[in-house]
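The values are calculated or read from the model by the stated rules, or taken from the named source; none is laboratory data. Treat the numbers as computed from the prediction; the structure is a model and nothing was measured. Counting neighbours? That spans all protein chains shown, and the Cβs are built from the backbone with ideal geometry, glycine included. Areas reflect the complete protein model, heavy atoms only, side chains present, ligands, DNA and RNA absent. Shrake-Rupley method; radii C 1.70, N 1.55, O 1.52, S 1.80 Å.
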Amino acid sequence: MRRTTIAVVAAAAVLGLTACDPVANSTTAKSTAAPVPATTAGAPAAAAPAPAGEAAAPAPAPAAAGDGDKLKDVEITGCVVDAVLHWPSAEVKITNHSSKASNYMVQIEFLDATGTRIAEGLAATNGLAPGQASVQKAQGASEAKGKVSCKVIDVTRYAAP
């Protein structure tokens, strides 16, 4: 299996493809994947370095296609603490408002009554058709005492293959 992985990574580098890292732009996690430089025809050229003594102009950030409304695709419909395990969980309704079948990863934060983060959970669904909804559960794995609140902290949406 290792040879296959190395071959795929080498092929991606030759073709100028970048590694898939859905949390690269997340404010709560940093990417560990190094981008592979694009070398395919039609790819934008790299900016030339600024002449000595002049400040370089900042490169424009890449625009995420149709990603601006992904937070509107997620609604927390329940937030409870299990009576036996005392772990928090959130029921999450994910509705695909985009024009393509999409995969979703929703990161949920669980807060105690004082607003302190006590756990995180993840809800996910794949191949959600346009207009379709899916109800998923995000589970925290820390003991919660008393009431908790649930908050969406990140949504990753990308077109399903």
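Of the residues that sit in segment 53-99 and are assigned to a loop (DSSP other than H, G, I, E, B), open to solvent by less than 70 Å² (accessible area, probe 1.4 Å) and in contact with a strand residue (DSSP E or B) (Cβ under 8 Å, 6 or more places away or on another chain), which one is modelled with the lowest pLDDT?
The qualifying residue modelled with the lowest pLDDT is Asp67.
Give me the pairs: first residue in segment 70-84 and at negative phi and without any contact (Cβ under 8 Å) to a residue 60 or more places away in the chain, second residue assigned to a loop (DSSP other than H, G, I, E, B) and of a type in the set (Gly, Ala, Ser), beta-carbon distance under 9 Å, and six or more apart or on different chains, which are they?
That search, which allows pairs on different chains as well, returns Asp82/Ala144.
Per-residue answers, yes or no, for (1) among the aliphatic types (A, V, I, L, M); (2) touching a residue at least 60 places away in the same chain (Cβ under 8 Å); (3) farther than 19 Å from Thr156 by Cα; (4) not in a strand (DSSP E or B):
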{"position": "Met105", "(1), (2), (3), (4)": "yes, yes, no, no"}
{"position": "Glu109", "(1), (2), (3), (4)": "no, no, no, no"}
{"position": "Ala113", "(1), (2), (3), (4)": "yes, no, yes, yes"}
{"position": "Ile118", "(1), (2), (3), (4)": "yes, no, yes, no"}
{"position": "Asn126", "(1), (2), (3), (4)": "no, no, no, no"}
{"position": "Gly131", "(1), (2), (3), (4)": "no, no, no, yes"}
{"position": "Gln136", "(1), (2), (3), (4)": "no, no, no, no"}
{"position": "Ala144", "(1), (2), (3), (4)": "yes, yes, yes, yes"}
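Considering only residues of segment 136-161 that are among the aliphatic types (A, V, I, L, M) and out of contact with any Gly (no Cβ under 9 Å at 6 or more places or on another chain), which is surrounded by the fewest Cβ atoms within 10 Å (Cβ to Cβ)?
Of everything passing the filter in segment 136-161, Ile153 is surrounded by the fewest Cβ atoms within 10 Å (Cβ to Cβ).
Testing Gln139 on (1) modelled with pLDDT under 95; (2) in contact with a Ser or Thr (Cβ under 8 Å, 6 or more places away or on another chain), one condition comes back false. Which one is that?
(1)
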